[in-house]
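The next block holds one structure in the form of structure tokens; read it before the comments.
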Amino acid sequence: MKIAYTDVLIIGGGLAGLRCATGVKERGQDVVLLTLVPPKRSHSAAAQGGMQASLGNCVKGEGDNEDVHFGDTIRGSDWGADQEVARMFVNTAPKAIRELAAWGVPWTRVRKGDHQAIINAKKVTLTEKDEAHGLITARDFGGTKKWRTCYTSDGTGHSMLYAMDNKAHEDEIKVHERMEAISLIHEDGRCYGAIARNLMTGELVAYIAKATTIATGGYGRIYEVSTNAVICQGMGQAIALETGIATLGNMEAIQFHPTAIVPVGILTTEGCRGDGGLLTDKDGYRFMPDYEPEKKELASRDVVSRRMVEHMRKGKGVKSRYGDHLWLDIRNLGRKHIEKNLREVKEICESFLGIDPAEKPIPVRPTQHYSMGGIRTNYKGESQTLKGLYSCGEAACWDLHGFNRLGGNSVAETVVAGMLVAEYISDFCETKESEIDISTKLVQEFADKQQAKLEYLLEPKENAESPYPLRHAMEKIMMNKVGIFRNGDDLTDAVNELEQLLIRSKNIEVKHKTLTANPELFNAYRVQRMLKLALCTAKGALQRKESRGAHAREDYPERNDKEFLNRTITSWPDENQTMPTLDYEAIEIESMELPPGFRGYGKDMTITHPDSKIRQEKVDEIRKELESKGANRFEIQEVLMEYKSKLPECYRGKNERLWEKF
Amino acid sequence: MNNESARTLKISILRYNPQVPEDKPSVETYELEEADGMTLFIALNDIREKYDESLKFDFVCRAGICGSCSMLVNGKPTLACRTLTTKLDEEISLAPLPMFELIGDLSVFTGKWMRGLNERLETWIHSEEKKMKIDSDRLEERMEPDLADDIYETDRCVECGCCVAGCGTILMRENFVGAVGLNKVARYKIDPRDKRSDADYYDLIGDEDGVFGCMSLMGCEDVCPKDLPLQSKIAYMRRKMVMMKDDK
């Protein structure tokens, strides 16, 4: 068989994978990137709305900085995020956006003088300062105190991905397209690369690397309706899980985006609401102010999605043959604004609904959108249990987002994590420890095992199963029983039913007996793996008897810091298991910069942890004392929670702003 | 949507698997009951599920954003995912996008072609400063808001390959860069961050495989799913390059 050797193997060609690849290349590492599709077709391209970075250039962003971005991110996560990781992230995001600007992203810029905006359904005039003219501007997004989401019209992900892939071309990154990693090669707790399958010829190739990075995005396609691209099937998480050693974190943390179009589930960006669009019901009534008087349509995504479902349950949804929905009304923004800043939304409405959103409201409902969970890593992006395996972007549980991600923090995470993880990987590759010593015999064994599995799928079987019915059954279970609102009975059913599907999936027979390009074959092995991820998600949700962020239990409506301020850690130690193994990792309060508190939505139902109060008092005390001594925000932050020593040296600098120079 | 009783679509697909030596191209016709809001993405997945699980096609975003699913729909290159069947007759013919390497059935390797193009035209920002480490702690370089918008306009290309499939010139000149290539050069030309001179661009496209090869048939603009102003971009580059030619 073909064996390829490289220093760093990257699986996945979206923003995270590409940025990681250019980063390690710059540090002198040899790198190969495997991708299912040409990188420019990755799901990153679909991110419409923008990227959060606290530049503070536009007038509504003034006063923004890392501290504000940090606070928003932690509250948004419902205190599930790793606060050190969040600090590293907010400090690097402005650098990431500036770097991308230099690499060609045509970020929308501040235009000095007056412009009209719509805030809380009212037209207001904003005046941009002369000094800010030509710097990168930002729009409003949910759950943020400042206008912080930088954008290019509503094609932000597209522009970022194109600039990033063009940079990868410039850097002569070796990209192997239509190659699917189907198994990780590992021995004695050390990952050595992957077995990949050429989707055009069916050939298996072994890639041997000192460091292997999974950047394959989310697993949204385990749900029947998802905004995700059809390739977001979680195969990166699945092959990590199948090592039996690497672990997955918080798989039950699934985000539902409030505004995907009905029925097909294609996203309309949060920018619609950020720019002033409204949510209305069957009577044309704007209902969000009744539920969330302060943030209204711009509450955090998980909150808006739940409020929409609550409102539909009161009979206020618009009936359709595809079930109830609500309206996203952006007519108040005016045609000019829609055609310039929300053009993709307009195209989507025209192509898939046959409506002009400047004339008619858009039928929407909350739809699966983002996987906060993924391959559990430490702050370096390395698996906590499998040495040499790294992960970044949506594929990972790094853990920046905890139980709810803020809009605009996903593309920001992809690039920032790519930058940082590339440095840690390069550091690792420069050590003696990274040197590898595996026999071709071991490599061959891994390849043979995969070959045998593929051949077995083709073998005639009694009571043979077909991949499609199994997949549809799984998708429906996830939609109906592991959705926005969850409860013990449904989740118990879901877990049992999914287990049965997993057992049945072992009996899949592929009817077209070819190992070359054969969609039936890849559907077969992918559905087996997706079922494992679905089980991790459902089981994690069943056992998490509380409501935190996007995980909302009707039978346990409180956020329970006493028992569940932790991460769910899932593994699959024995391949014959039909159920994942669950474990928990505590989130320590005593080291938090921002101790657990009330998020500010609805009623405070938190079951508090006694340490929260102790830590809060300590934080207040430190802050007061240092402030009295005239300490600046950086000095105070450093005492509260030192993190800079963890950042790669090249990214430790302070971020200059128009109003904050160093 | 339509209120009449559902139509039965007859979808004819050009099938061929070049991986199988004995396979010969053939047209297979599948009958499918039309559903409300059905797109070719939905129809093709239905066909794969109901009739032939080995049917090959490429969808990724299925939202008209990623450019993966271009194919000939009734002979015209377009994005299949956002083509509503209601806009088509009952008899629909589908064929793979020409000019690109065929993987099988409706799946073509546009990625490989585009990679070659991007490498050839060096579609990235060329600047000396960029080669050194960018000081990303400092304020970003300013850009006129209108200029940023103009760059984004040309940056909207999704490399779907429709313009290449709809191009008359490329049938005669297989190395022609196509509208996709000329639009990309125009994109970098207006971008002040790219320090290449007109002479540099001339070296890339100042010949018959470049801007002087275009016969102005404008099939490209007719089929561009993103409605890019390809005609004016090609004209713009031609004007600039003619000036260079005169200088040389």
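Place the peptides A:443-454, A:193-204 in order of packing, highest mean first, counting for every residue the other Cβ atoms within 10 Å and averaging per peptide. The partial results should precede the final answer.
Working: A:443-454: 16.1, A:193-204: 20.9.
Top to bottom by mean Cβ count within 10 Å: A:193-204, A:443-454.
Take the alpha carbon atoms of the stretch A:539-569, find their center, do the same for the stretch A:162-225, and report the distance between the two centers in whole angstrom.
So the two Cα centres are separated by 33 Å.
Could you tell me which of rounded, prolate or oblate describes the stretch A:336-397, using a ≥ b ≥ c as the square roots of the eigenvalues of the alpha-carbon gyration tensor, with rounded for a/c under 1.5 and, failing that, prolate when a/b is larger than b/c and oblate otherwise? Walk me through the intermediate numbers first.
Working: a/c = 4.93, a/b = 3.27, b/c = 1.51.
The shape class here is prolate.
Shielding of A:511-522 by partners, i.e. mean partner chain Cβ atoms within 10 Å per residue? If you can, show how the numbers build up before the last one.
Working: counts 3, 4, 1, 4, 0, 6, 10, 6, 10, 6, 2, 0.
Neighbouring Cβ atoms belonging to other protein chains average 4 per residue here.
Sorted by packing (mean other beta-carbon atoms within 10 Å per residue), highest first, where do A:641-650, A:173-182, A:587-596 land? Intermediate values should be presented prior to the final figure.
Details: A:641-650: 14.4, A:173-182: 20.7, A:587-596: 18.4.
Top to bottom by mean Cβ count within 10 Å: A:173-182, A:587-596, A:641-650.
Quick one: Cα centre-to-centre distance for the stretch A:341-410 and the stretch B:51-106, in angstrom?
The distance from the Cα centre of the stretch A:341-410 to that of the stretch B:51-106 comes to 26 Å.
How long, wide and thick is the stretch A:513-615, going by the Cα atoms along their three principal axes, in whole angstroms, largest first?
Principal-axis extents of the stretch A:513-615 (Cα, largest first): 64, 29, 25 Å.
Non-local amide H neighbours of A:Trp147 (under 5 Å, H modeled in plane, Pro and chain starts lacking H): which ones?
Here A:Gly61 satisfy the definition.
Which residues does a label at B:Asp89 reach in the stretch B:4-46, if reach means a backbone N under 14 Å from a point 7 Å past the Cα toward the Cβ?
Of the residues in the stretch B:4-46, B:9-12 have backbone N under 14 Å from the label point off B:Asp89.
Could you calculate the FRET efficiency of A:Glu554 with A:Thr201 from 1/(1 + (r/R0)^6), where r is the beta carbon distance between them and R0 is 51 Å, rounded to 0.05?
Values: r = 50 Å, r/R0 = 0.98.
Computed FRET efficiency for A:Glu554 and A:Thr201 comes out at 0.55.
Is there a simple number for the mean count of other chain Cβ atoms within 10 Å of the Cβ of residues in B:141-147, and what is it? If you can, show how the numbers build up before the last one.
On the way: counts 5, 7, 9, 4, 10, 2, 3.
The mean count of partner-chain Cβ atoms within 10 Å per residue comes to 6.
Can you work out ³J(HN,Hα) from phi for every residue in the stretch B:185-193, in order, using Karplus 6.51 cos²θ - 1.76 cosθ + 1.60 and θ = phi - 60°, giving whole Hz and x for Gly and Pro?
4, 4, 4, 6, 5, 7, 8, x, 6
If I model a spin label at A:Ala586 and B:Glu101 as a point 7 Å from the Cα along the Cα→Cβ vector, what separation in nanometres do I get?
Placing both labels 7 Å along Cα→Cβ, they lie 5.6 nm apart.
Among B:Ala148, B:Ala95, B:Ala43, whose mean-square fluctuation peaks in a Gaussian network model of chain B (Cα, cutoff 10 Å)?
It is B:Ala148.
Starting with the highest mean, order A:401-409, A:331-339 by the number of other Cβ atoms within 10 Å, averaged over the residues of each peptide. Working shown, then result.
Working: A:401-409: 29.3, A:331-339: 15.7.
Packing proxy ranking, top to bottom: A:401-409, A:331-339.
For the protein assembly as shown, what is Rg from Cα atoms divided by 2.2 N^0.38 Å, rounded to two decimals?
Working: Rg = 26.4 Å, N = 910, 2.2 N^0.38 = 29.3 Å.
With N residues counted in the protein assembly as shown, Rg over 2.2 N^0.38 Å equals 0.90.
Find the Cα radius of gyration of the stretch A:373-477, compare it with 2.2 N^0.38 Å by division, and give the number to two decimals.
Numbers: Rg = 19.5 Å, N = 105, 2.2 N^0.38 = 12.9 Å.
Taking the Cα Rg and dividing by 2.2 N^0.38 Å, one obtains 1.51.
If you count, for every residue in A:198-204, the Cβ atoms of partner chains within 10 Å of its Cβ, what is the mean? Walk me through the intermediate numbers first.
On the way: counts 0, 3, 8, 2, 1, 0, 0.
Going residue by residue through A:198-204 and averaging, the value is 2.
HN-Hα J couplings of the stretch B:25-31 from phi, Karplus 6.51/-1.76/1.60, θ = phi - 60°, integer Hz, Gly and Pro as x?
In residue order, the calculated couplings are x, 8, 9, 10, 10, 10, 9 Hz.
So who's got an amide H within less than 5 Å of the one on A:Thr213, skipping anything under 5 residues away but keeping other chains? H placed 1.01 Å off N, in plane.
For A:Thr213, whose amide H was placed from the backbone, the distant partners under 5 Å are A:Leu9, A:Ile10, A:Ile11, A:Tyr390.
For the stretch B:22-96, just say rounded, prolate or oblate: build the C-alpha gyration tensor, square-root its eigenvalues into a ≥ b ≥ c, call rounded for a/c under 1.5, and beyond that prolate if a/b exceeds b/c, oblate if not. Walk me through the numbers before you get to the answer.
On the way: a/c = 1.38, a/b = 1.19, b/c = 1.16.
Judged from the Cα gyration tensor, the stretch B:22-96 comes out rounded (a/c under 1.5).
Below 8 Å between Cα atoms, with a sequence gap of 6+, how large is the relative contact order for chain A in percent? Show your work: numbers first, answer last.
Numbers: 1491 pairs, mean separation 124.2, N = 662.
Value for chain A: 19 percent.
Show log10 I(q)/I(0) for the stretch B:183-248 at q = 0.11, 0.18, 0.20, 0.29 Å⁻¹, two decimals, from a solvent-free Debye sum over equal Cα scatterers.
Relative scattering, expressed as log10 I(q)/I(0), comes to -0.26, -0.67, -0.80, -1.34.
Rounded to whole Hz and in sequence order, give me ³J(HN,Hα) for the stretch A:366-372 from the Karplus expression 6.51 cos²θ - 1.76 cosθ + 1.60, θ = phi - 60°, writing x for Gly and Pro.
x, 9, 3, 9, 8, 9, 5
Simple spin-label model, 7 Å along Cα-to-Cβ: A:Asp620 to A:Leu442 in nm?
Going from the A:Asp620 label point to the A:Leu442 one covers 5.5 nm.
Starting from the Cα-Cα distance between A:Lys562 and A:Asp114, subtract it from 0.36 nm times their residue separation and give me the gain in nm to one decimal. The partial results should precede the final answer.
On the way: separation 448, 0.36 × 448 = 161.28 nm, distance 5.00 nm.
Gain on extension, A:Lys562 to A:Asp114, equals 156.3 nm.
Between A:Ala464 and A:Lys506, what is the label-point separation in nm under the 7 Å Cα-to-beta-carbon projection?
1.9
Which residues' amide hydrogens lie under 5 Å from the amide hydrogen of A:Gln384, considering only partners 5 or more residues apart or on another chain, with H built in the peptide plane?
Those qualifying (amide H under 5 Å, at least 5 residues apart or on another chain) are A:Thr247, A:Asn378.
Quick one: of B:Lys195/B:Lys233; A:Lys340/A:Lys654; A:Lys562/A:Lys618, which pairs are farther than 23 Å apart, Cα to Cα? Present the calculation step by step, with values, prior to reporting the outcome.
Numbers: B:Lys195/B:Lys233 19 Å; A:Lys340/A:Lys654 34 Å; A:Lys562/A:Lys618 19 Å.
Distance filter (> 23 Å) returns A:Lys340/A:Lys654.
Run the helix sum for chain A: -39,500 (n - 2.57) per DSSP H stretch of 4+ residues, divided by residue count, reported at 222 nm to the nearest 500 deg cm²/dmol.
The helix-only estimate for chain A comes to -10500 deg cm²/dmol at 222 nm.
How much FRET efficiency would the formula 1/(1 + (r/R0)^6) give for A:Met641 and B:Ser197, where r is the Cβ-Cβ distance and R0 is 51 Å, rounded to 0.05?
The computed FRET efficiency comes out at 0.50.
Here, each number is a calculation from the coordinates, and none is a lab measurement. Because the structure is a prediction, the values reported are computed rather than measured. Don't worry about glycine lacking a Cβ; one is built from the backbone with ideal geometry, like all the others, and counts go over all protein chains shown.
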